[in-house]
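**Q** What follows is a single structure, and I will ask about it in a moment.
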Amino acid sequence: MLTGIRVVVLGGDARQLEVIRKCVDMDATVSVVGFDKLEVPLKGVTLEPMSVKLLESSDALILPVVGCDEEGNVNALFGAQKLQFLNEHAAALPPHCVVYTGMARTYLKEICTRHELKLVELLERDDVAIYNSIPTAEGALMMAIQHTDFTIHGADCMVLGMGRTGFTMARALQGLGARVKVGVRRAEDAARAVEMGWKPFMTRDLAQETKGVDLIFNTIPSMIITAQILSKLPLSTVIIDLASAPGGCDFRYAEKRGIKAMLAPGLPGIVAPKTAGAIIANTLVQLLMEDNPDRGDAQ
């Protein structure tokens with residue numbers, strides 16, 4: 001249980017609603033900022049304006065999946081006012097307070113370092129990222145179906161990167177009957193791809209692997225689908241870029257050449273916010289109990 005632990009939830013989207021509900025169910029004292037436009041009020045929480053005083057007694061500050069931008073602006077889908085996390089807010093947090101987010105940009109990392117605050121990036125954890133890859137793959141499949149006039153079954157599909165998302169994506173495509181080849185960078189990943197029944201190739205050889213590709217799913221967060229690669233692709237190829245913005249595709253040249261290419265970050269929060277929120281919430285509750293052993297009741 002989280003009895004005696006004071007949590008402040010700052011902004012967010014539908015995923016944060018699941019986090020809030022889980023914290024309330026676990027008996028935390030929960031204050032929320034940036035949820036004043038909700039049609040159905042949250043139960044068991046205190047709706048607060050952003051203030052230094054609010055943060056002074058918090059044990060945990062929970063930010064959205066993308067914590068804030070480089071000016072401190074926090075996404076608050078259900079908020080009526082602009083929301084910012086500034087230097088004075090970080091300075092007000094108690095030394096033991098932990099800041100939780102999905103992934104942190106430079107601004108948030110620097111402000112937490114400046115004030116010696118522990119920062120936890122949930123999407124850097126293998127368990128969260130693997131669970132999150134499931135709605136990501138489902139969302140990518142949805143996009144592929146919407147933007148093609150052929151079945152995934154029997155299609156020639158390419159997955160670039162065999163990390164946590166790439167592996168799940170390739171397996172999902174295989175399950176639907178696609179012919180799957182995977183761009184990898186390491187020999188051990190190539191071996192695993194062969195074991196899974198996929199055709200591996202080294203990403204450095206991507207230019208030689210473009211013939212006849214129907215769908216490309218990119219998970220590599222650096223420029224890999226360059227203008228040179230795009231010039232070799234069939235015009236009918238559809239590219240779905242799952243890497244974090246700005247992605248790994250030259251979208252300008254893709255548009256110029258007439259190839260359909262879409263950047264699709266944050267799919268879990270779009271296609272399955274309840275599931276994505278539950279993934280974050282379950283991990284957060286466990287971490288809150290671990291980070292506050294003397295204040296929460298872990299029994």
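**Q** Quick test for you: out of ALA144, ALA140, pick the one residue that is in contact (Cβ under 8 Å) with a residue 40 or more places away in the chain, crowded, with 16+ Cβ neighbours inside 10 Å, under 21 Å from ASP189 (Cβ atoms) and within 21 Å of the chain's Cα centre (by Cα).
**A** ALA140
**Q** Using the structure shown, decide if LEU233 is in contact (Cβ under 8 Å) with a residue 40 or more places away in the chain, buried (at least 18 other Cβ atoms within 10 Å of the Cβ) and out of contact with any His (no Cβ under 7 Å at 6 or more places or on another chain).
**A** Judged against the criteria, LEU233 is not a match.
**Q** Which ranges mark the helices (runs of 4 or more DSSP H) fully within the stretch 180-299 that have 1 or more residues being within 30 Å of ASP13 (Cβ to Cβ) and among the β-branched types (Val, Ile, Thr)?
**A** Fully inside the stretch 180-299 and qualifying: 267-271, 273-291.
**Q** Going by the conditions given, is PRO64 within 20 Å of PRO265 (Cα to Cα), out of contact with any Phe, Trp or Tyr (no Cβ under 9 Å at 6 or more places or on another chain) and either open to solvent by 60 Å² or more (accessible area, probe 1.4 Å) or at pLDDT 95 or above (or both)?
**A** Considered against the rule, which asks whether it is within 20 Å of PRO265 (Cα to Cα), out of contact with any Phe, Trp or Tyr (no Cβ under 9 Å at 6 or more places or on another chain) and either open to solvent by 60 Å² or more (accessible area, probe 1.4 Å) or at pLDDT 95 or above (or both), PRO64 comes out as yes.
**Q** Right, next: Quick check on my filter: what residues within the stretch 108-137 are of a type outside the set (D, E, K, R) and open to solvent by 60 Å² or more (accessible area, probe 1.4 Å)?
**A** Hits for the stretch 108-137 are THR113, ILE130, TYR131, ILE134.
**Q** Related question: Can you tell me which residue is nearest to GLU124 (Cα to Cα) among those in the stretch 67-79 that are part of a loop (DSSP other than H, G, I, E, B) and open to solvent by less than 60 Å² (accessible area, probe 1.4 Å)?
**A** GLY67
**Q** Would you check which residues across the stretch 4-44 are part of a loop (DSSP other than H, G, I, E, B) and touching a Leu at 6+ places or on another chain (Cβ under 7 Å) and list them?
**A** Residues satisfying the conditions are ILE5, GLY11, ASP13, MET26, ASP27, ALA28, GLY34, PHE35, ASP36.
**Q** So, one more: Listed residues ALA144, ALA193, ALA172, ALA140; which is at pLDDT 95 or above and farther than 19 Å from VAL271 by Cα?
**A** ALA193
Quick grid of which residues meet (1) without any contact (Cβ under 8 Å) to a residue 12 or more places away in the chain; (2) touching a strand residue (DSSP E or B) at 6+ places or on another chain (Cβ under 9 Å); (3) basic (Lys, Arg):
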{"site": "ALA243", "(1), (2), (3)": "no, yes, no"}
{"site": "GLY258", "(1), (2), (3)": "no, no, no"}
{"site": "PRO273", "(1), (2), (3)": "no, no, no"}
{"site": "ALA276", "(1), (2), (3)": "no, no, no"}
{"site": "ALA281", "(1), (2), (3)": "no, no, no"}
{"site": "GLN286", "(1), (2), (3)": "yes, no, no"}
{"site": "MET289", "(1), (2), (3)": "no, no, no"}
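**Q** Same structure, new question: Checking ILE225 against (1) open to solvent by less than 50 Å² (accessible area, probe 1.4 Å); (2) more than 30 Å from MET103 (Cα to Cα); (3) touching a strand residue (DSSP E or B) at 6+ places or on another chain (Cβ under 8 Å): exactly one of these is not met. Which one?
**A** (2)
**Q** If you check GLU209, GLU195, which single one turns out to be more than 24 Å from the chain's Cα centre (by Cα), in contact (Cβ under 8 Å) with a residue 40 or more places away in the chain and open to solvent by 10 Å² or more (accessible area, probe 1.4 Å)?
**A** GLU209
**Q** For ALA264, are the conditions met, namely being open to solvent by less than 40 Å² (accessible area, probe 1.4 Å), closer than 24 Å to GLU138 by Cβ, in contact with a Pro (Cβ under 9 Å, 6 or more places away or on another chain) and in contact (Cβ under 8 Å) with a residue 60 or more places away in the chain?
**A** no
The values are calculated or read from the model by the stated rules, or taken from the named source; none is laboratory data. Computed from a prediction, not measured in an experiment: that's the story for all the values here. So basically every Cβ, Gly included, is an ideal-geometry build from the backbone, and we count neighbours across all protein chains shown. Heads up: the accessible areas ignore ligands, DNA and RNA and are worked out on the full protein's heavy atoms, side chains in. Shrake-Rupley method; radii C 1.70, N 1.55, O 1.52, S 1.80 Å.
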